[in-house]
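This report concerns only the one structure given below.
The values are calculated or read from the model by the stated rules, or taken from the named source; none is laboratory data. Please read these numbers as outputs of a predicted model, since none were measured by experiment. FYI the Cβ positions are ideal-geometry reconstructions off the backbone, even for glycines, and counts take in every protein chain you see.
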Amino acid sequence: MTASAIWTDWSCRVRVTVTRPDALMAAKQQVVALMADVALSADRFTATSDVSRVNRAAGRLVPVRRRTMELLDVALGAAEESGGAVDPTIGAHLLRAGYADDITAVRDLLVMTDDEPLPRADWTTVRTDRTLSLVGLPTDVCLDLGATAKAWTADVAARRVARSLDTAVLVEIGGDVAIAGSRSRPWQVQVSERSGEPGQPVGLERGGLATSSTISRRWRTPSGAAHHVIDPRTGRPAEGPWRTVTVWAPTAVRANTASTAALVLGHDAVPHLRGLDVAARLVGRDGTVQHVGDWPAETRAA
């Protein structure tokens with residue numbers, strides 16, 4: 001028997017499901033508290049967050065919370081693992097593409113953009129002093145920790161709930177899913193391109209699952225539709241052959257890193273994913289589906 005709580009935060013669907021129904025309220029409280037704490041570090045739409053302060057002070061070192069250093073280390077680790085395909089210094093490029101406010105505020109608008117030249121995204125330019133908890137960026141470079149911070153929160157929340165409440169648990173934040181604790185049968189997860197839509201059911205026995213897509217967070221610009229997955233090599237929204245990639249990996253962070261990198265790498269996504277030894281589902285622009293690794297058979301997106 002399981003019990004679930006579903007709500008909206010960070011402009012996405014959040015779900016926590018536990019195998020001990022009496023632990024549900026406490027489990028939700030833990031997830032809500034952790035998300036609020038992460039937002040103090042990583043919410044680039046809030047002027048007082050650490051990321052916003054660092055971005056405004058580009059060119060000098062800024063004191064940040066220990067949590068922020070932890071989240072930055074996760075983001076830099078993802079950048080290194082992906083060969084720079086997942087780069088936390090694409091913040092200014094997101095702004096230039098029109099993603100300057102919460103997605104709920106820009107999704108239905110015609111967003112004006114500009115072609116101002118920007119430094120190329122380069123995660124190796126981030127400067128840190130871990131002893132003093134300081135972070136600095138070059139001028140005109142901005143951080144965006146959104147993707148990895150969301151996946152990290154799912155991973156950590158699941159582990160905390162399982163350990164403290166003695167229950168198996170599934171935590172889903174947007175397209176990032178993490179499970180923890182012991183359960184006799186797999187968790188059933190719907191893999192879809194947009195939250196709430198029909199999808200492919202898969203059984204998740206361990207680890208994390210992440211879906212990255214170019215169709216769920218989109219807005220209109222004078223030059224056409226734009227989305228939030230930035231190719232660090234061009235500074236523009238990725239234009240590869242895939243519209244959605246889902247990856248199963250040991251953690252939600254690793255799954256998210258792989259799925260985001262696949263969208264950026266385009267035609268090189270399949271060999272990249274095979275090299276990581278993960279299971280993946282890639283949906284092309286025409287809806288055809290390709291699989292990597294041990295993924296259930298399917299030919300078209302739902």
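Rundown of residues vs (1) in contact with a strand residue (DSSP E or B) (Cβ under 6 Å, 6 or more places away or on another chain); (2) polar (S, T, N, Q), yes/no style:
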position	(1), (2)
6	yes, no
13	no, no
16	yes, no
19	no, yes
23	no, no
31	yes, no
37	no, no
40	no, no
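Give the residue, chosen from 32, 38, that is closer than 30 Å to residue 272 by Cβ and either without any contact (Cβ under 8 Å) to a residue 24 or more places away in the chain or under 18 Å from the mean Cα position of the chain (by Cα) (or both). Give the derivation first.
Working: 32 fails: closer than 30 Å to residue 272 by Cβ.
Answer to the check: 38.
Let's see how each residue does on (1) out of contact with any Pro (no Cβ under 7 Å at 6 or more places or on another chain); (2) buried (at least 23 other Cβ atoms within 10 Å of the Cβ); (3) at pLDDT 95 or above:
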residue: 207; (1), (2), (3): no, no, no
residue: 219; (1), (2), (3): yes, no, no
residue: 234; (1), (2), (3): yes, no, no
residue: 239; (1), (2), (3): yes, no, no
residue: 253; (1), (2), (3): yes, yes, yes
residue: 263; (1), (2), (3): yes, yes, yes
residue: 275; (1), (2), (3): yes, no, yes
residue: 288; (1), (2), (3): yes, no, no
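For region 98-145, a residue qualifies if it is out of contact with any His (no Cβ under 8 Å at 6 or more places or on another chain), surrounded by 15 or more Cβ atoms within 10 Å (Cβ to Cβ) and outside any loop (DSSP other than H, G, I, E, B), and the qualifying residues are 106, 123, 128, 134, 135, 136.
Within region 42-74, being assigned to a helix (DSSP H, G or I) and either in contact with a Phe, Trp or Tyr (Cβ under 8 Å, 6 or more places away or on another chain) or of a type outside the set (A, V, I, L, M, F, W, C) (or both) holds for 50, 52, 53, 55, 56, 66, 67, 68, 70, 71, 73, 74. Here 244, 257 are screened, and the one residue that is of a type in the set (S, T, N, Q), crowded, with 17+ Cβ neighbours inside 10 Å and either part of a helix (DSSP H, G or I) or in contact with a Pro (Cβ under 6 Å, 6 or more places away or on another chain) (or both) is 257.
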